Each structure stands twice: as C-alpha cells, then as structure tokens.
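Read-outs throughout are calculated quantities, based only on the coordinates presented, and are distinct from any laboratory measurement. Just so it is clear, the model here is predicted, and its values are computed rather than measured. Don't worry about glycine lacking a Cβ; one is built from the backbone with ideal geometry, like all the others, and counts go over all protein chains shown.
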Ligand code: AMP
Ligand code: GLY
C-alpha cells in the first residue's frame, strides 16, 4: 500500500517512523517532510498548504491512503478534498475538525452533552465581553474563536489586561480568528492530554501524555508549541483515563455523529485536573506535537492498520508498551521568537546509539552531507525507559551528544512525574 503523509515536523517524523514499520506498507511518501523523514520515506517538495498539488501528486502516484497530520489542513478541509478525489484518508473532515477550529463550538457542545469545562460565554462585540469578564473575576481567560497558530489564548490577570486582550482581538490582533471570542473562567490545576482514535461511531483509547508548554525550566517564560513530553502521565491515573473516555471522548464523538459531523481520526483531549475533577481545556483534531513523539514509541499495534481501520469503521483496541517514553525538544536560540537558521548539527549518529533512544527531526534540512537546523523546534530526542527517571536520563545522555550553534533545551522534562 502506498501512503502519503502530509506535514513536516517532529510529529510527522514520529508518524513516518511508525508507518514505515507496517507490513501493509509498500512505499511511504511525505509532503514536504524534513531531513529525518527522508531517511525512511520519499519526501516530495509539495507544501502542506498546496492542496491542488497534493491531490495531483496523490492521483498520479496511485496513493492508497493519505494521513493528514496538522490542524490547518484539517480545518481547511483537505480530508474532504482528498476523499472527493477518490483518495482514502485519515481525517477528520472539515465539518468535524470544527472541534479544533472553533472554541465556541466546543464550549456549546460541552454544555449540550454535559461535559465538564470552565464557565464561559461567546461574544462578537467588546463591551458585553468586558462586563462578562468582570462578572467572572480575575484571572480570566480570553480566547479567539478560530485557529491562531497556538497563540489565540490570553490569560488576563487583571481587568486592565482583560480589557486590552478583548480590544486586541476585536481590532484584528489574531486576524479573522478573533472576530468572535470566548471569555471563560480561569481553571487551576495540572494539565494533561489524552488521545483517542475514532471511526465516527466507535472510539478506542490511545494513551495519555503531558506536554511542557513554557520555554523555560520550571514552566517559566513564554508559551511554545511544546518543549518536551512524556507518556504515560502519572497525573492521568487509570481511573482518570476511564473518565476521559466515558465522560469526555465518548459523549463528544456521539454528539458529533448526532450533529451530522461524524468524527473520523485522532481526537486530542486537553484536560485540566482541578480540585473538582477533570475539566476540558480544549480539543485538537490531531496528534499533539511533541506528544505524538512519545506515543509512537509506546504503540505496540501497527499504526497503519489502526488508522485504516478507523477510516473503514472497523476499529479494534490498540496495544501499548508498559515502558515510559520521554522526549526533549532541542530548539534554536530565540525560539519561540525569531532564531537563526542554517547551523550544522553534529552528533546525531552517536545520540541514536544511546539505548532506547530515537531522534525525531522537526526543523531540519539536508545540505550536501550536512544536516542543518532550519526551525525553531529542531529535534525531539526521545527515549524509552522502565521509569520516567530512566527515560529522562537516556534522553539527556543523547541530548548532550548533539550540538549546533545556538541549540538549547529544557533540562527538566518530566519534572512533575518525578516530583510525585
Ligand atoms: P488552548 O489553546 O485552548 O489549549 O489554550 C492554551 C493554554 O492556555 C492551555 O494549554 C492552558 O494552559 C491555558 N488555558 C486555556 N484555557 C484555560 C482556562 N480556562 N483556565 C486556565 N488555563 C487555561
Ligand atoms: N503540544 C500541543 C499541541 O500539539 O497542540
């Protein structure tokens, strides 16, 4: 079977790595991919945003199955475009990706389906939004309704900050995404993610993980796409995983089917574990990045078989390794702000020899014989271990063998699990 994977980050390298182990696979293509993905797949120079180019390539190449990894393409309807062209693919559809594409839609769905989440209201004008924020008290959370490249959420500590955030969004600070907003209650607790795979009707549990969103050690500094992750996350006990499935994922998939928006694909549940129990922070319509990089090494079942089964409506339970996986994101100095590109990376081969270690590439490119850093997040150094401590030690042993000008990483990935 010929498979096309759309995307180019660390998540996509982890997916390519897992797909390439499948007995069903004859050839894996990735558009556009990166230097790490190119080690196991044929990368084709078509941007993930070039939908006509992707469809043309898939048609001409006889692609049997396409996997769309990232939210912008899913929310813009690439699944629908592939399927209309006769190319089977893993969604969700545009209608179902609204779970990631509209925060207001998700909040309304939570109310209808009785899913625990922060108190909220939706607004299309600033004055009523400001008075509702006042009624909730501070801190308060202001969210642009649509996708905003992970930046559309502002936690306002005071009335002044909240009013400014609301004005910023309505003045187009996040473009179209901020023309409708959600104002919601601030939740206190520890965050964790849980992943499930849905075929539109049935849904199977995947696993839990915990990300590290702030750039600095001890969860300090600005928010990023994620600086490291591990799975399983002890904060999500087996009992809480059951709650995640029964009280969040299953009612959501059922509600989406009832609305004529059957959800086919990976569903990412972002939870806040509060004193009153778990509450929904957000849904994403895809694997997390870097969470995917710790899920794939733990997946014992064949990924391609599982994703195809989801597409065909024939899901069966998935098997997971007991071991812990932990990934450390190595980034370029300046990230999440601006950073230099083009520095040569050394030590990749030595790092990959550390027991249990796999290095997934995010922002890399091959130039002649060299692999160079071209992204903010550049590498995901991932290790399996019997415990979080062992996986962490192995990952940092490998990290310390890798160098480029301006490389940095957090040194404390896994700290919440180790502190327990
Ligand atoms: P989101 O884009 O919805 O994931 O939000 C980004 C981040 O903002 C989340 O990962 C949380 O850390 C934080 N956040 C979002 N909503 C809330 C909330 N109601 N209370 C506290 N933190 C929140
Ligand atoms: N790591 C967070 C995300 O993928 O949205």
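Among the candidates 207, 255, which residue alone is more than 30 Å from residue 24 (Cα to Cα), away from ligand 1 (no atom under 16 Å from the Cβ), in contact (Cβ under 8 Å) with a residue 40 or more places away in the chain and in contact with a helix residue (DSSP H, G or I) (Cβ under 9 Å, 6 or more places away or on another chain)? Spell out the reasoning first.
Working: 207 fails: more than 30 Å from residue 24 (Cα to Cα).
Of the residues listed, the single one that is more than 30 Å from residue 24 (Cα to Cα), away from ligand 1 (no atom under 16 Å from the Cβ), in contact (Cβ under 8 Å) with a residue 40 or more places away in the chain and in contact with a helix residue (DSSP H, G or I) (Cβ under 9 Å, 6 or more places away or on another chain) is 255.
Going by the structure shown, is residue 219 out of contact with any strand residue (DSSP E or B) (no Cβ under 8 Å at 6 or more places or on another chain) and at positive phi? Spelling it out, residue 219 is indeed out of contact with any strand residue (DSSP E or B) (no Cβ under 8 Å at 6 or more places or on another chain) and at positive phi.
In the range 3-19, the residue that is surrounded by the most Cβ atoms within 10 Å (Cβ to Cβ) out of those that are within 14 Å of ligand 2 (Cβ to nearest atom) and assigned to a helix (DSSP H, G or I) is 14. Contact annotation: residue pairs with Cβ atoms under 7 Å, 6 or more positions apart or on different chains, pairing a residue in the range 347-371 that is at positive phi with a partner that is not in a strand (DSSP E or B), are 347/401; 347/402; 356/394. Hey, any hits in the range 186-197 for a residue that's under 26 Å from residue 263 (Cβ atoms), away from ligand 2 (no atom under 16 Å from the Cβ), in contact with a helix residue (DSSP H, G or I) (Cβ under 8 Å, 6 or more places away or on another chain) and not in a strand (DSSP E or B)? No; the residues of the range 186-197 include none that is under 26 Å from residue 263 (Cβ atoms), away from ligand 2 (no atom under 16 Å from the Cβ), in contact with a helix residue (DSSP H, G or I) (Cβ under 8 Å, 6 or more places away or on another chain) and not in a strand (DSSP E or B). Each residue in the range 288-308 was checked for being outside any loop (DSSP other than H, G, I, E, B), surrounded by 19 or more Cβ atoms within 10 Å (Cβ to Cβ) and away from ligand 2 (no atom under 16 Å from the Cβ), and 8 pass. All of 311, 321 fail the test of being within 21 Å of the chain's Cα centre (by Cα), surrounded by fewer than 24 Cβ atoms within 10 Å (Cβ to Cβ), within 18 Å of residue 91 (Cβ to Cβ) and in contact (Cβ under 8 Å) with a residue 12 or more places away in the chain, apart from 311. In summary, residue 68 fulfils each of the numbered conditions (1) in contact with a helix residue (DSSP H, G or I) (Cβ under 8 Å, 6 or more places away or on another chain); (2) more than 22 Å from residue 270 (Cβ to Cβ) with the single exception of condition (2).
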